[in-house]
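Notes for the one structure printed next.
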Amino acid sequence: MARKSQELGRFTDVALLVLISLAEGQKHGYRMISDIEEFSGTSLEPGTLYGALMRLEQRGWIEPVESSERRKPYRITGSGRDALREQLATLRRVEQAGVRRVAWGQA
């Protein structure tokens with residue numbers, strides 16, 4: 001599948017879930033874990049989440065937010081929103097192809 005931007009690389013499920021969570025607003029790790037479980041039913045271990053946060057921050061798709069609290073909140077960046085939009089469009093195309101093919105297979 002061709003992508004507009006080659007720097008997007010390969011998405012992982014965890015990265016996608018984190019970007020979706022942060023698209024709603026800044027959150028710290030524990031709140032992301034809770035939010036992701038709420039909207040997706042996926043339970044993440046802290047190590048899995050923090051590994052994804054590190055990779056997303058390295059790509060410039062999220063950034064830490066200054067905070068006086070012990071917990072470190074993150075927010076999605078403009079390029080992170082662009083990457084999320086592109087990935088969601090790809091997922092819609094995949095979903096539509098799957099629905100068509102399942103329906104065709106029933107004929």
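The values are calculated or read from the model by the stated rules, or taken from the named source; none is laboratory data. No experiment lies behind these values; they were computed from the predicted model shown. Neighbour counts run over all protein chains shown; Cβ positions are idealised from the backbone, glycine included. The protein model used for the area step is the full one, side chains on, heavy atoms only, and it has no ligands, DNA or RNA in it. Shrake-Rupley method; radii C 1.70, N 1.55, O 1.52, S 1.80 Å.
Close contacts from region 87-107, counting a first residue that is part of a helix (DSSP H, G or I) and a second that is at pLDDT 95 or above and β-branched (V, I, T), with Cβ to Cβ under 9 Å and a gap of 6+ residues or different chains, come to L88/I20.
For region 45-84, filtered to residues that are in contact with a Gly (Cβ under 6 Å, 6 or more places away or on another chain) and in a helix (DSSP H, G or I), the residue that is farthest from V14 (Cα to Cα) is S79. I'd like the full set of residues that are out of contact with any helix residue (DSSP H, G or I) (no Cβ under 6 Å at 6 or more places or on another chain), under 13 Å from M32 (Cβ atoms) and surrounded by 14 or more Cβ atoms within 10 Å (Cβ to Cβ), limited to region 58-73. Within region 58-73, just P73 meets the criteria. Whether a residue is open to solvent by 50 Å² or more (accessible area, probe 1.4 Å), modelled with pLDDT of 95 or more and not polar (S, T, N, Q) was assessed, and E38 does not pass this test. A residue that is modelled with pLDDT of 90 or more, more than 13 Å from the chain's Cα centre (by Cα) and open to solvent by 30 Å² or more (accessible area, probe 1.4 Å) can be found somewhere in region 9-27.
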